[in-house]
Amino acid sequence: MNALWQHFWQQRSPQEQRTLSLAAAALLLMLGYQFLWSPIQQAARNAEARLQETQALAAFTAQARQTLTGAHPATVTANPAQISGAPLVWLGQQAKTAGIADHLKDQQITPDGIQLSFDGVNFDAFIRWLGRVHAAGFRVLRSDIHPSGEGLAHLRLTLSAPDAS
C-alpha cells in the first residue's frame, strides 16, 4: 500500500502535490470541525440549557420551601365525617375560598384517590389551600409540580379522602 501511494505521489507534478496537500489539510480541518468541534459546542449549549432549567427549578424549589416553612394553615372547622359525603364539592369550595378555583381544571374520583389538576395557579395560594385540605384530613398520595412562571405552577395531585371516623 505504501509503495502504491509513493508511486501515485511521484507521478504528480509539484503543483498537483501542493494542491493535493492543501486539499488534504482542508479536508482534515472540515472533518475536525464536523466530528470534534461541532459536537463539543452542541454539548456545551445543551449543558448550558440544562443548567438554566436546573437553576430555575432550584429557585422555584427555594420559594416553595420558604412558602411551606412559613405557611400556617387556617383553622378548618370541617371534620372528616362532614366531608366524606361530597369531597369534590368541599375541595371546590375550599379552592374558591382560597382564590384558586379558576385554575382548577380537572377533578375526579378514581380508584387511586381524588385527582386534581391546576394550571397556572399561584403557588403561595395553592400551599395555603393545601394546608386547609391537609388539616381537614386529606393526604397527598402523589404530586407532580411544574413551575410555569414567576410564582406560578402547573400541578397534578392525587389525594386520599379523609377517614370518616
Quick check: anything in the stretch 9-25 of a type in the set (Phe, Trp, Tyr), on the phi < 0 side of the Ramachandran plot and out of contact with any helix residue (DSSP H, G or I) (no Cβ under 9 Å at 6 or more places or on another chain)?
-> no
In the stretch 8-30, how many residues are surrounded by 10 or more Cβ atoms within 10 Å (Cβ to Cβ) and outside any helix (DSSP H, G or I)?
-> 1
Test for residue 5: is it among the hydrophobic types (A, V, I, L, M, F, W, C), open to solvent by 90 Å² or more (accessible area, probe 1.4 Å) and without any contact (Cβ under 8 Å) to a residue 60 or more places away in the chain = yes
Run residue 121 past the list (1) under 21 Å from the mean Cα position of the chain (by Cα); (2) of a type in the set (A, V, I, L, M, F, W, C); (3) open to solvent by 20 Å² or more (accessible area, probe 1.4 Å) and report the number of the one that doesn't hold.
-> (3)
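Working carefully through the options 68, 88, 104, 157, find the one that is at pLDDT 90 or above and open to solvent by 30 Å² or more (accessible area, probe 1.4 Å).
Working: 68 fails: at pLDDT 90 or above; 88 fails: at pLDDT 90 or above; 157 fails: open to solvent by 30 Å² or more (accessible area, probe 1.4 Å).
Result: 104 is the single residue among 68, 88, 104, 157 that is at pLDDT 90 or above and open to solvent by 30 Å² or more (accessible area, probe 1.4 Å).
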Only one of (1) modelled with pLDDT under 85; (2) farther than 15 Å from residue 130 by Cα is not met by residue 78, so which one is it?
-> (2)
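The values are calculated or read from the model by the stated rules, or taken from the named source; none is laboratory data. A quick note: this is a predicted structure, and the numbers were derived from the prediction, not measured. Glycine gets a Cβ as well: all are built from the backbone with ideal geometry, and neighbour counts include every protein chain shown. The protein model used for the area step is the full one, side chains on, heavy atoms only, and it has no ligands, DNA or RNA in it. Shrake-Rupley method; radii C 1.70, N 1.55, O 1.52, S 1.80 Å.
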